[in-house]
Amino acid sequence: MNELDLAWEDEQRPRHRRRAASGPARKRKKGRGGKTFLAFFISLLVVGGLAFGAYIGIDKVKDMFSAPDYNGGGTGEVTVEVIQGQLAADIGNTLVQKDVVKSAKAFVEAAKSDERSRKLQAGFYNLRKQMKASAALSLMLDPRSRAVNKVTLPEGLTWQDTFTKLSQVTKIPYADFENAAKDPKALGVGEVWYTRQDNKPRDPGIEGFLFPATYDLPPNVDATAILKIIVARFNQEIDKIGFIDTVQSALHISPYEALVASSIAQVEGLDKDQPGIVRVLYNRVYSNKFPCNCLQVDSTVNYFLRITNKGAKPSTELLNSEIHNKNNPYNTHDFPGMPRGPISNPGTSALTAATNPPKSDYYYFLAIDTQGNTAYAKTYPEFQNLWTQAQKNGVK
């Protein structure tokens, strides 16, 4: 600015006068007057041009030192997604693409000057177009701007429980989720999950693939889109822990059978006990040292009662007809091997347990106290002793 001001001053400062030309005074006066007018006119043009150039120059200098930005609170409505792990510049670029802010730099500067920006969360936001960057940031920091259906799916839910919870949060009919789940492959369940090493029939449903987590669901999506998000998260977690390669190469079983084992461990014990439980399951099914290679777990009986709307029961209350129901495809007391499918949707702990359970000679497990801690036994007499202890501890 100072340099431009100086330039304007130079143009207005009197120039060094030339010596008067010889000749009659009258002619000199006439000629001088004409030249003075012409010089004055040219000076006006030059000064005007410099002033216009200075005006344009000031704008460019401003752009060099301050980011382009809109004024005001904006108009209309637009939904913007902030993804986990994005930096302020990334968010700014997204906002520019949606025409919320004029430049990413303006948003970055607004974020730097507002400590609250560190609390900005991933999710969807209802914003307006052409907002001042600081106004956009303030609106994003207002919880009321979150365009989100947040839902938490705990470990161990069945597909029915999951659909009920999703329907309650999103207001999408339960039946829509049922219909969307009829084709798991279309939702992202890979071909590798459709083969069993034991050649037993496989459950065709979505059970086991609805990964338990907290989801920020986008606005205006249908049941199919939501289930695709959840299955994608399952696939992400499976890849992260190397589930498929590990169970195939180290355990020599199909990923689907390992998924079934993890789903049982999920409902049978605490996170810390799940690896030991999986080992018992594998010992019973694959070692050929346990009667009929049957799992003989009551959780599969209760699963069938749940999905047939009869309700689960404590083991001591299960009827003999329920335990040995030959029409129950999840009957593990009379049929060998893993049941036809998962009995819950396991979380990371149970999935990891199924990939690398500790080696042991245990063939029995049970909850030893009301806190859910698990105890193990190698023989049935040892198991009976543990059961007596568990009853004394209040276990039913």
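Net charge in the neighbourhood of residue 248 (other residues with Cβ under 15 Å of its Cβ; Lys, Arg +1, Asp, Glu -1) is -4.
So how far, in whole Å, is the C-alpha centre of region 84-113 from the one of region 226-260? Region 84-113 and region 226-260 have Cα centres separated by 36 Å. Multiplying the residue separation of residue 393 and residue 113 by 0.36 nm and removing their Cα-Cα distance gives an extension gain of 94.9 nm.
Once fully extended, how much extra length lies between residue 152 and residue 240, figured as 0.36 nm per residue of separation less the alpha-carbon to alpha-carbon distance?
Details: separation 88, 0.36 × 88 = 31.68 nm, distance 2.07 nm.
Gain on extension, residue 152 to residue 240, equals 29.6 nm.
Under the criterion of Cα pairs below 8 Å and six or more residues apart, the relative contact order for region 250-323 equals 18 percent.
Our note on the geometry: Cα centres of region 207-225 and region 342-357, 20 Å apart. Note that region 270-396, at 25 °C in a medium of 0.890 mPa s, gets a Stokes-Einstein diffusion coefficient of 160 µm²/s from its Kirkwood radius over C-alpha pairs. If R0 equals 30 Å, the separation of the Cβ atoms of residue 221 and residue 200 corresponds to a calculated FRET efficiency of about 0.25. Starting from a Cα-only point model with no solvent, please compute log10 I(q)/I(0) by Debye for region 75-147 at q = 0.23 1/Å. Cα-only, vacuum Debye calculation for region 75-147: -0.99.
Are any of the pairs 165/378; 272/392; 185/326 more than 32 Å apart by Cα-Cα distance, and if so, which?
Details: 165/378 40 Å; 272/392 23 Å; 185/326 30 Å.
Listed pairs above 32 Å: 165/378.
Put in order of Cβ neighbour count within 10 Å, fewest first, the listed residues 140, 338 become 140, 338.
Read-outs: derived from the displayed coordinates by stated rules, not from any lab. Keep in mind that what you see is a predicted model, and the values were worked out from it rather than measured. So basically every Cβ, Gly included, is an ideal-geometry build from the backbone, and we count neighbours across all protein chains shown.
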